[in-house]
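Inspection log for the structure reproduced underneath, given as structure tokens.
Bear in mind these aren't lab numbers, they're just calculated from the coordinates by the rules spelled out. Because the structure is a prediction, the values reported are computed rather than measured. Glycine gets a Cβ as well: all are built from the backbone with ideal geometry, and neighbour counts include every protein chain shown.
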Amino acid sequence: MDRVKSKSEIRQQFLKKIIFYSAGIIPVIGCSVWLFSSPNVLGAMPDNKKGSIEVIQPTTNDESLMVRARATPKKTVYLDLTEGGTVKELHVEQGTFVEKGQQLVSLENSSLELEVIAREAQVEEQLNNLRNTRIAMEQDALNIEREITDLEYELEVLTSQLKRARSMHQSGYLSEQELDELEAESGHLNRRLEIAYERKSTNQELRKTQLVQLEQSAKNLTRNLELARDNLNSLRVTASTSGYISSFDIKQGEYISRGERIGQIDDLNDVRLLAEINEYYLREVKKGLSATVDIDGEKHSAKLIKIQPQIEDGMFTAEFELKSDFDSQLRRGQSVNLTIRFGEPKEYLKVSDRALRGVEGQYWVLVQGKDGQLEKRTVSVKRLEDGYWEVLSGLRKSERVVLDKSDS
């Protein structure tokens, strides 16, 4: 027969059970609290959550940007007609290289030819009139000189006669009236000679002025004649510089008006490269930057010389100059790869965007230690291209990070 236990005995047995169970539960709770209360250590990665592992390795950033650039010549000469006409003959084809002075096309204009012939006749007539005027002036000067010579001679003879007449008058062989007539004649010759001298002086001054005017008129007429002939010669269109001819799309028999542009000549010895660049790089792209151009598999150096101020559709234009000893084989509008260097190459760490977790500005990664344990670590990153980020802080070289299993 069982004995009824007292209250003190029941209380002692209950306390013993509590102590027994507590001895096994407390260590488990303690371990759990230590494990899950740590913000970094997460334990080993479960098999069903395992993803790829990326090893953080340094890479080199050359601080460059590759864009497409198109070639354009620095110097372009446009072919504008000074006189219109019908295309008689084409001497070159579009895209060919022409030398300075080489004939490109022959035009014909019958009305212009007749006009030039008429103008030549008119100019020749005016030049003949000028020559006749000059001859007349020379003849007038000679006549005055002859008159002065004759008067001087007559005065010299009369002076000798007057001297003898005065001697004869004193001796009584010559009357007073005859002496007075000789003296009056002498005075008349002197006055005529003075007038001739004045005419000569005045004529010389006028002749000098008129000769200058005649010479200038002759030059103007000759220049007009040359211009008329040049207009006729302009029907033979020639290259004013050496280069490649383009936009030369005319046909034989076609009539082309005065002032119309028939083509252009590109001097490809000095080529510029125009690159369209996203406005995102406007602050980084500055005058003087170096660049590398890939032309037919060869690398050539270039320099940024001008940035056009306007921005269209989010793009701005930069102009690059190739080095001076570059033998260009580029054509207008040809595109090439151009790499702009913003600075010296530098080494940095990068991480895939699949390793990043969290939200923008609060990214973190799972770092796997050598013992396989995972650590949650906050990182600071900067976006790159092709799905990678530059590590600014939080990771070291050769550390292993866990990638998301998803490919997205």
So for segment 111-233, taking the charge dipole from beta-carbon charges (+1 Lys/Arg, -1 Asp/Glu), which of Ala118, Thr133, Leu225 sits furthest toward the positive end? Leu225
Hey, how much of the P(r) for segment 111-233 falls beyond 16 Å, as a percent of Cα pairs? 73
Equivalent ellipsoid semi-axes for segment 189-330, as square roots of 5 times the alpha carbon gyration tensor eigenvalues: give them largest first, rounded to whole Å. 64, 25, 16
Semi-axes (Å, rounded, descending) of the ellipsoid equivalent to segment 344-408 per its C-alpha gyration tensor are 19, 15, 11
How would you rank Ser398, Ser290, going from fewest to most other Cβ atoms within 10 Å of each one's own Cβ? Ser398, Ser290
Projected convex hull area of segment 138-196, Cα atoms, direction-averaged, in nm², equals 3.8
HN-Hα J couplings of segment 123-138 from phi, Karplus 6.51/-1.76/1.60, θ = phi - 60°, integer Hz, Gly and Pro as x? 5, 4, 4, 5, 5, 5, 4, 5, 5, 5, 4, 5, 4, 4, 5, 5
Straight distance only, please: which aspartates and glutamates reach the Cα of Lys382 with their own Cα at less than 12 Å, same-chain residues fewer than 8 apart left out? Asp353, Glu360, Glu390
Report the percentage of all Cα-Cα pairs in segment 182-234 whose separation exceeds 17 Å, rounded to a whole percent. 63
Given the pairs Lys100/Lys219; Lys74/Lys303; Lys163/Lys200; Lys75/Lys251; Lys350/Lys397; Lys286/Lys350, which are separated by over 18 angstrom at their Cα positions? Lys100/Lys219; Lys163/Lys200; Lys75/Lys251; Lys286/Lys350
